[in-house]
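Shown next, in structure tokens, is the structure this report addresses.
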Amino acid sequence: MCSHYQALKDRERYRRHFGVEPPDDLGKFDMWPGYAGSFIRRHRHGGVGDEAVPPREALPGLFGLVPHWSLDTRITRHTYNARSETVAAKPSFRDAWKHAQHCIIPANTFFEPDWRSGTAVPTRIARADGEPMGIAGLWSQWKSPQGDLVHSYTMLTINAQDHPLMRLFHKPADEKRMVVILPEDRYDGWLNATPENSRSFMRQYPAQSLQAIPASVEPRIKSS
């Protein structure tokens, strides 16, 4: 399960790759549950028929979904990933899934522990071509006791037991899982998908299109 990722902080790369204006506050670079980051969703006025309204919008939000009924934001420690198999039934996620509150989380890399040596080796996983990743997620909004509106998001995950790369991570007895990385040509499809066809997007990203590097090694990030 992905609890640590590095956000996309280069504003020009953000615009170019995701076709949206980044929020003023992009949050932290090294992201952990409860930290402030950013996510992309279908524009809230996208269905009004106004051509001046862009199809997507980017917002600041907490990593870890805060459902409307939560008493505080501490729940983010447990809601940063949503299992695609149970997302429709879990109280924390079912409303966002039912209402197709889909989002894309921009990321440069995410981290998983490689236990093949018998010791956990933090490993950085990124696209092999150096481009940013768009991770499929769900978003929500929550009103604090003080009346502040807080947005939040979670990453969707799928089983990776048969994935040539992602099955290598976590302890041998643990279930192998991976986040849902979307191909660019499926970004709009995901953001506009109905609840009925949301599951068709829960697919493994090709292993040959990813690279895994020990976290002590500097990654190659495409700049143009």
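Taken together, the values in this text are just the output of simple stated rules run on the coordinates, not laboratory data. On a predicted model such as this, the values are computed, not experimentally measured, just so you know. Virtual Cβ from ideal backbone geometry, glycine too; neighbours counted across all protein chains shown.
Cut-off under 18 Å on the C-alpha distance; same-chain residues fewer than 8 positions from K171 excluded. Which aspartates and glutamates are left, in chain and number order?
Cα-Cα hits under 18 Å: E112, D114, D162.
For the chain, with the dipole built from +1 on Lys and Arg beta-carbon atoms and -1 on Asp and Glu ones, taken about the Cα centre, which of Q161, L182, Y14 lies farthest toward the positive end?
Final value for the positive-end residue is Q161.
Specify, per residue and in Å³, the volume enclosed by the convex hull of the alpha carbon atoms belonging to the chain. Don't skip to the end; give the middle numbers.
Values: hull volume 29.9 nm³, N = 224.
Output value, Cα hull per residue: 133 Å³.
Where a Cα-Cα gap under 17 Å defines reach, which aspartates and glutamates qualify for K143, not counting those fewer than 8 residues away within the same chain?
By straight Cα distance, K143 reaches D72, D95.
Could you give each residue of the stretch 78-94 its phi-based ³J(HN,Hα) in whole Hz, using Karplus coefficients 6.51, -1.76, 1.60 with θ = phi - 60°, and x for Gly or Pro?
10, 10, 7, 10, 10, 6, 4, 5, 10, 4, 6, 10, 5, x, 5, 10, 5
Determine the calculated [θ] at 222 nm for the chain from helices alone, applying -39500 (n - 2.57) to every DSSP H run no shorter than 4 residues and normalising by the residue count; nearest 500 deg cm²/dmol. Provide the component values of the computation, followed by the final result.
Details: 3 runs with 19 residues, N = 224.
-2000 deg cm²/dmol, from helical runs alone.
Give me the extension gain from S209 to D174: residue separation times 0.36 nm, minus the current Cα-Cα distance, reported in nm with one decimal.
Numbers: separation 35, 0.36 × 35 = 12.60 nm, distance 2.42 nm.
So the chain would gain 10.2 nm between S209 and D174.
Just tell me which aspartates and glutamates come within less than 18 Å, Cα to Cα, of K98; anything on the same chain fewer than 8 places away is out.
Cross-link targets: E85, E196.
Quick check: from the Cα gyration tensor, does the stretch 92-224 come out rounded (a/c under 1.5), prolate or oblate? Before the final figure, lay out each step's value.
Numbers: a/c = 1.66, a/b = 1.59, b/c = 1.04.
Verdict is prolate for the stretch 92-224.
Amide H to amide H, which residues 5 or more places from N81 or on other chains are under 5 Å from it, using H placed in the peptide plane?
Here M155 satisfy the definition.
Could you order the peptides 114-124, 79-89, 189-199, 34-44 from most to least packed, using the average number of other C-beta atoms within 10 Å per residue?
Working: 114-124: 13.1, 79-89: 18.4, 189-199: 15.0, 34-44: 20.5.
The packing order, highest mean first, is 34-44, 79-89, 189-199, 114-124.
Once a ≥ b ≥ c are taken as the square roots of the eigenvalues of the Cα gyration tensor of the stretch 1-77, is the result rounded (a/c under 1.5), prolate (a/b larger than b/c) or oblate (a/b not larger than b/c)?
Taking the square roots of the gyration eigenvalues as a ≥ b ≥ c, the stretch 1-77 is oblate.
Once you place label points 7 Å from the Cα toward the Cβ at D188 and S117, how far apart are they in nm?
Going from the D188 label point to the S117 one covers 4.6 nm.
What does the net charge come to around T73 if you take all other residues with beta carbon closer than 12 Å to its beta carbon, with K and R at +1 and D and E at -1? It would help to have the intermediate numbers written out before the result.
Numbers: positive: R74, R77, K143; negative: D72, D148.
Charge balance in the 12 Å sphere: +1.
Just need the relative contact order of the chain here, percent rounded to a whole number, with Cα pairs under 8 Å and 6+ apart.
Working: 508 pairs, mean separation 47.2, N = 224.
Result for the chain is 21 percent.
Taking 8 Å as the Cα distance limit and 6 or more residues as the minimum spacing, I'd like the relative contact order of the stretch 40-136 as a percentage. All intermediate terms of the calculation are to be shown ahead of the outcome.
Values: 116 pairs, mean separation 19.8, N = 97.
Relative contact order here is 20 percent.
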